[in-house]
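**Q** What follows is a single structure, and I will ask about it in a moment.
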Ligand SMILES: Cc1ncc(C[n+]2csc(CCOP(=O)(O)OP(=O)(O)O)c2C)c(N)n1
Ligand SMILES: [Mg+2]
């Protein structure tokens, strides 16, 4: 008997804003000038935060820090599409998402400075704490989406992870559950081409990461992750689809980690300068600036004002974070176990 094709799939790729700052008008979402300016201002603010954080770490004023340099469009573009009632499950590299959603920046500095109180999310924001164990936030997001569906809440859940995260069992279990129950969840993978020193090709033999969604019965799409308009559009469409009962979507943001993995890493030991230089030309911030310039939305004065305001806001956040009372050593185990272990009790007594 001849073989038949019983399944096939196609993976879409979305590009809107190119490296010269030109857009594909047919695909461009309808955004007001004020909205685009706000996007640009958040890109600058997030980059400023990032630069301050790196400097503070070098001065011994923060612990290890994971930079978002190069990934700002993936983070800010997607966050712009999120409504306040949606729920967000980030990994450890989503400072741009936190900042866009209005998370107090001084609390982020507090957290990276080693004080967990910085990650106790204010009540008016639906963001889960940064997730350091790779991929464990993905099934949490599927579970929250299950709850939303059960309660018939018109919300969606969005979760972020990296290319390395797609190799975790958590990813596959969450995708399977989301597909089976057609859950209102949007999975965003920031494929930044590296998982510490593991290159993308060693992570998976799949041609794209987006195609993995089809194995679980829902749509996967790849977008240019350095193109803020493409990321915004794909996320807005996916969130709407989820809220309309259309089930999950997987968005692979094809981007690049311009920085070291964290401040504890030295990427020159495993990747070439030529590779980094190729990606520098694709800088998401430069691209949006070129577009704004061509659209008459950018002037040198505007640039200077935005940079100065960002520096002021971030400096103020640092000042505030460093003015807070340090955490009390006695509170060290407060959120570990319901009852202290004998060893913990001894350590507290010895303080
Ligand atoms: C369960 C687990 N295993 C290993 C680590 C150490 N680790 C931290 S980040 C990372 C790589 C993550 O790569 P990717 O998912 O691509 O995210 P990216 O760092 O590129 O944003 C690893 C292995 C960890 N944090 N958690
Ligand atoms: Mg990665």
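**Q** Counting just the residues of the stretch 186-197 that are near ligand 2 (Cβ under 9 Å from one of its atoms) and in a loop (DSSP other than H, G, I, E, B), which one comes out surrounded by the most Cβ atoms within 10 Å (Cβ to Cβ)?
**A** Initial filter on the stretch 186-197 (near ligand 2 (Cβ under 9 Å from one of its atoms)): 189-196.
Next cut, in a loop (DSSP other than H, G, I, E, B) only: 192-193, 196.
Values: 192: 25, 193: 19, 196: 14.
Across the stretch 186-197, the extreme among qualifying residues is 192.
**Q** When residue 183 is evaluated against the numbered criteria (1) part of a helix (DSSP H, G or I); (2) touching a helix residue (DSSP H, G or I) at 6+ places or on another chain (Cβ under 9 Å); (3) more than 10 Å from ligand 1 (Cβ to nearest atom), which criterion, by number, is the only one it fails?
**A** Tallying (1) part of a helix (DSSP H, G or I); (2) touching a helix residue (DSSP H, G or I) at 6+ places or on another chain (Cβ under 9 Å); (3) more than 10 Å from ligand 1 (Cβ to nearest atom), residue 183 fails exactly one: (1).
**Q** To continue, here is another question. With more than 16 Å from ligand 2 (Cβ to nearest atom) and either surrounded by 24 or more Cβ atoms within 10 Å (Cβ to Cβ) or assigned to a strand (DSSP E or B) (or both) as the only criterion, which of 114, 77 stands out? Working first, answer last.
**A** On the way: 114 fails: either surrounded by 24 or more Cβ atoms within 10 Å (Cβ to Cβ) or assigned to a strand (DSSP E or B) (or both).
So the residue among 114, 77 that is more than 16 Å from ligand 2 (Cβ to nearest atom) and either surrounded by 24 or more Cβ atoms within 10 Å (Cβ to Cβ) or assigned to a strand (DSSP E or B) (or both) is 77.
**Q** Also, I was wondering about something else. Do you know which residues across the stretch 1-20 are touching a helix residue (DSSP H, G or I) at 6+ places or on another chain (Cβ under 7 Å) and within 21 Å of residue 215 (Cα to Cα)?
**A** The initial filter retains those residues of the stretch 1-20 that are touching a helix residue (DSSP H, G or I) at 6+ places or on another chain (Cβ under 7 Å), namely 9, 14-17, 19-20.
Within the stretch 1-20, 9, 14 meet the criteria.
**Q** Output the residue which, of all residues in the stretch 267-285 that are surrounded by fewer than 15 Cβ atoms within 10 Å (Cβ to Cβ) and farther than 20 Å from residue 201 by Cα, is farthest from ligand 2 (Cβ to nearest atom).
**A** 281
One line per residue, one yes/no per condition, for (1) assigned to a strand (DSSP E or B); (2) more than 22 Å from residue 53 (Cβ to Cβ); (3) touching a helix residue (DSSP H, G or I) at 6+ places or on another chain (Cβ under 7 Å):
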site	(1), (2), (3)
237	no, yes, no
245	no, yes, no
253	yes, no, yes
258	no, no, yes
268	no, no, no
278	no, yes, no
286	no, no, no
292	no, yes, yes
302	no, yes, no
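**Q** Something else now. Can you pull out every residue in the stretch 247-270 that is over 21 Å from residue 209 (Cα atoms) and touching a residue at least 40 places away in the same chain (Cβ under 8 Å)?
**A** To start, the set of residues in the stretch 247-270 that are over 21 Å from residue 209 (Cα atoms) comprises 259-260, 262-270.
259, 260, 262, 263, 264, 265, 267, 269, 270 - these are the residues of the stretch 247-270 that are over 21 Å from residue 209 (Cα atoms) and touching a residue at least 40 places away in the same chain (Cβ under 8 Å).
**Q** Sticking with this structure for a sec: Where the second residue is modelled with pLDDT of 95 or more and outside any helix (DSSP H, G or I) and the first is more than 16 Å from residue 133 (Cβ to Cβ) and within 13 Å of ligand 2 (Cβ to nearest atom) and lies in the stretch 161-178, which pairs have Cβ atoms under 6 Å and are six or more apart or on separate chains?
**A** 163/191; 163/195
The values are calculated or read from the model by the stated rules, or taken from the named source; none is laboratory data. Keep in mind it's a predicted model, so treat the numbers as computed, not measured. Counting neighbours? That spans all protein chains shown, and the Cβs are built from the backbone with ideal geometry, glycine included.
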